[in-house]
Amino acid sequence: MYTKIQHDIQQNYYQETYANDGQRFVAWYLRNIHGLDVVETKDCITDGANDKQIDAVYINNQDSTIYIIQGKFLSCEYMDAEPVREVLSSWILIQDLNQLQEQANQRLKIKINEISNALDDGYEICFELITTAVLSEQAQADAEAYRKKISDN
């Protein structure tokens with residue numbers, strides 16, 4: 001899959017619109033998995049300095065779901081537990097949107113307002129860690145532990 005995505009993100013659209021392969025991968029995911037168009041995709045990307053481990057925010061109004069996305073475009077076979085911990089970090093930060101608003105980059109600040117409005121309307125939050133690698137055993141164990149913790153809240 002890594003090779004296909006690497007090939008796809010070489011298209012002019014990805015190369016001219018996004019600064020690096022990490023952003024291109026998240027954009028590819030939003031377009032190919034969530035079915036967003038180029039404008040919607042660009043609007044979702046929050047990656048950059050002070051992104052607070054949130055590379056994209058996609059609010060699906062039809063499903064009443066907020067997707068918080070962290071992407072890892074890796075050429076290696078296995079991914080360690082650190083990205084899983086980054087997702088947990090973003091979950092913790094989402095618990096206090098006012099504090100997150102103070103620390104976030106400009107693109108994320110806009111999305112925080114949208115998240116707040118969606119939560120007021122009863123939307124659910126889904127955290128997605130997307131990667132081109134397989135989770136190591138430790139990462140799988142951490143992911144399961146965090147999944148249970150998040151589900152309990």
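As a length-normalised measure over Cα pairs under 8 Å and 6 or more apart, the relative contact order of the chain settles at 26 percent. For the chain, modelled as a GNM whose springs connect Cα atoms under 10 angstrom apart, the maximal fluctuation among Ile115, Ile68, Ile92 occurs at Ile92. Output the pairs from Lys72/Lys111; Lys4/Lys109; Lys111/Lys148; Lys52/Lys148; Lys72/Lys149 with a Cα-Cα distance over 29 Å in this structure; if there are none, say none. Beyond 29 Å: Lys4/Lys109. Put a plus charge on the Cβ of each Lys and Arg, a minus charge on the Cβ of each Asp and Glu, and nothing anywhere else: the dipole of region 8-153 about its Cα centre is then about 140 debye. Compactness check for region 34-140: Cα Rg over 2.2 N^0.38 Å is 1.08.
Taking the centroid of alpha carbons for each part, region 84-135 and region 1-60 are 16 Å apart.
Amide H contacts of Tyr67: Tyr58, Ile59, Asn60, Cys126, each under 5 Å away and 5 or more positions distant or on a separate chain (H built 1.01 Å from N in the peptide plane; Pro and chain starts excluded).
Every number here is computed from the coordinates shown, using simple stated rules; none is lab data. These numbers come from a predicted model, not from an experiment. All Cβ positions, glycine included, derive from the backbone under ideal geometry; neighbour counts span all protein chains shown.
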